[in-house]
Amino acid sequence: MTTPFTRTAIVNAQSTISASTPQLVGTTNFQFASWSDQGAQTHTITASSVPQTFQANFTQSSAASVWHSWEVATQAGSPQAVSISNTNISTPIEFYESTNDLGIAKGALFSTFTGGAHETASNNVTDFWADATGPSAYPYAGKSTVDRGSDVGEGNVPQPLGVRDLQLFPPDNNHTAVAAFKIPQDGTYTISELAVRKVTNLGDTVRLHVFDNQGNELTTLTAFGNQQWVASPNLYPIAGALAGQYIYFAVDRNGTFDGDAAEVSWTLSANFTSPPPQPMCTLNANPSTVQVGATTSLAWTTSDATNFSIDQNVGSQANVASGSVLVLP
């Protein structure tokens, strides 16, 4: 509904108000910050016998930070991998096998880092995490040894060419191999440039599942045993993401367990939510020195405040932005 608007209601009647977020004005994103009555983003109000005003406050999001999957660096120790944005914001990537079928329920992180190539050369992977070493090191997460666009049989190649992609090899069950991107700051995140391909022409298909910070599956891409990239042109926005939550990229096998190495690609961009401005107040007393039994005038001005109260039993004031009151100390 376009604002502002006026609605007439019966006294004590209840209504629900909600503020949609994010709001796009031109090319700028604005995130919900607060209601003037301090209610939740969606909450119930009760009609009064006097006019009431409810104002939704929004804050402007800052410029976008961008992370690319092909720039993820795997490493020994903790964290298992790091992704650094164009604005130099570093965030960890966690690798594990899910504990549920086709999902992202968190299991133990892969325990063993191999700083070299996998013993199965056809996987074209190096610097990988798994729960074992040697030829039994499956499932795993690591970095491709071949530049994008230069592998034998590779086709439908997305840009950019020449990068080394992140690779996931799923387990020999219906679980998934998961790469979990840890959200570094509150904001709206958007997934784009989503793609997957099977590295070899062995076996059946692999699937890339993408889940948001609430564990909702956003999309699935299926790569076949022809080594061709399968890409999505869509954007997948995730509003209201909170620092410490995760965005998940998970690969499972769909068929026989054979040659299921999958190169995955994504771009994550974020418009961070600016913290709401802090309320400020200037308070003066005139006169500033008072004799016992005399009065003084307290005058105030505020900014970014939704209510104003003076202690020592003076109480809440109707005029929040500015006003004055006589007090008897």
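The values are calculated or read from the model by the stated rules, or taken from the named source; none is laboratory data. All values derive from a computational prediction rather than experimental measurement. Here the Cβ is made from the backbone with ideal geometry for all residues, glycine too, and neighbour counts use every protein chain on show.
For this structure, a couple of remarks:
- Residue 108, sole failed condition from (1) more than 21 Å from the chain's Cα centre (by Cα); (2) buried (at least 18 other Cβ atoms within 10 Å of the Cβ); (3) more than 30 Å from residue 13 (Cα to Cα): (2)
- Among the residues of the range 174-232, those identified as among the polar types (S, T, N, Q) and in contact (Cβ under 8 Å) with a residue 60 or more places away in the chain are 174, 176, 185, 188, 190, 192, 200, 226, 227, 228.
- Of all residues making up the range 124-143, the number that are part of a loop (DSSP other than H, G, I, E, B), surrounded by 15 or more Cβ atoms within 10 Å (Cβ to Cβ) and either in contact with a Leu (Cβ under 9 Å, 6 or more places away or on another chain) or of a type in the set (Ser, Thr, Tyr) (or both): 2
- Of all residues in the range 296-323, those that are on the phi > 0 side of the Ramachandran plot have Cβ atoms under 6 Å from Cβ atoms of residues that are loosely packed, with under 15 Cβ neighbours inside 10 Å, 6 or more apart or on another chain, in 304/277; 304/279.
Residue-wise test of (1) more than 31 Å from the chain's Cα centre (by Cα); (2) at pLDDT below 85; (3) of a type in the set (D, E, K, R); (4) closer than 30 Å to residue 162 by Cβ.
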{"position": "262", "(1), (2), (3), (4)": "no, no, no, yes"}
{"position": "265", "(1), (2), (3), (4)": "no, no, no, yes"}
{"position": "285", "(1), (2), (3), (4)": "yes, yes, no, no"}
{"position": "292", "(1), (2), (3), (4)": "yes, yes, no, no"}
{"position": "295", "(1), (2), (3), (4)": "yes, no, no, no"}
{"position": "303", "(1), (2), (3), (4)": "no, yes, no, no"}
{"position": "309", "(1), (2), (3), (4)": "yes, no, no, no"}
{"position": "312", "(1), (2), (3), (4)": "yes, yes, no, no"}
{"position": "320", "(1), (2), (3), (4)": "yes, yes, no, no"}
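- Scan of the range 215-231 for residues that are within 9 Å of residue 197 (Cβ to Cβ) and β-branched (Val, Ile, Thr), ordered by number: 230
- Test: residue in the range 267-275 that is surrounded by fewer than 19 Cβ atoms within 10 Å (Cβ to Cβ), polar (S, T, N, Q) and under 16 Å from the mean Cα position of the chain (by Cα): yes
- Qualifying strands (runs of 3 or more DSSP E) (wholly inside the range 9-123; at least 2 residues being among the polar types (S, T, N, Q) and without any contact (Cβ under 8 Å) to a residue 24 or more places away in the chain): none
- The requirement of being surrounded by 14 or more Cβ atoms within 10 Å (Cβ to Cβ), touching a Ser or Thr at 6+ places or on another chain (Cβ under 9 Å) and free of Cβ contacts under 8 Å to residues at least 60 places away in the same chain is fulfilled somewhere in the range 247-256, by at least one residue.
- Meets criteria (β-branched (Val, Ile, Thr), at pLDDT 95 or above and under 27 Å from residue 149 (Cβ atoms)) for residue 205: no
- Residues (outside any strand (DSSP E or B) and more than 16 Å from residue 141 (Cα to Cα)) located in the range 172-199: 173, 174, 183, 184, 185, 186
- Residues that are in contact with a Gly (Cβ under 9 Å, 6 or more places away or on another chain), part of a loop (DSSP other than H, G, I, E, B) and either surrounded by 19 or more Cβ atoms within 10 Å (Cβ to Cβ) or on the phi > 0 side of the Ramachandran plot (or both), drawn from the range 144-171: 148, 149, 162
- Matching option when the condition is out of contact with any strand residue (DSSP E or B) (no Cβ under 6 Å at 6 or more places or on another chain) and either surrounded by 10 or more Cβ atoms within 10 Å (Cβ to Cβ) or at pLDDT 90 or above (or both), among 14, 23, 52: 52
- Complete set of residues in the range 82-96 that are in contact with an Asp or Glu (Cβ under 8 Å, 6 or more places away or on another chain) and buried (at least 19 other Cβ atoms within 10 Å of the Cβ): 83
- Any hit, the range 222-236, residues being of a type in the set (Val, Ile, Thr), over 18 Å from residue 261 (Cα atoms) and modelled with pLDDT of 95 or more: no
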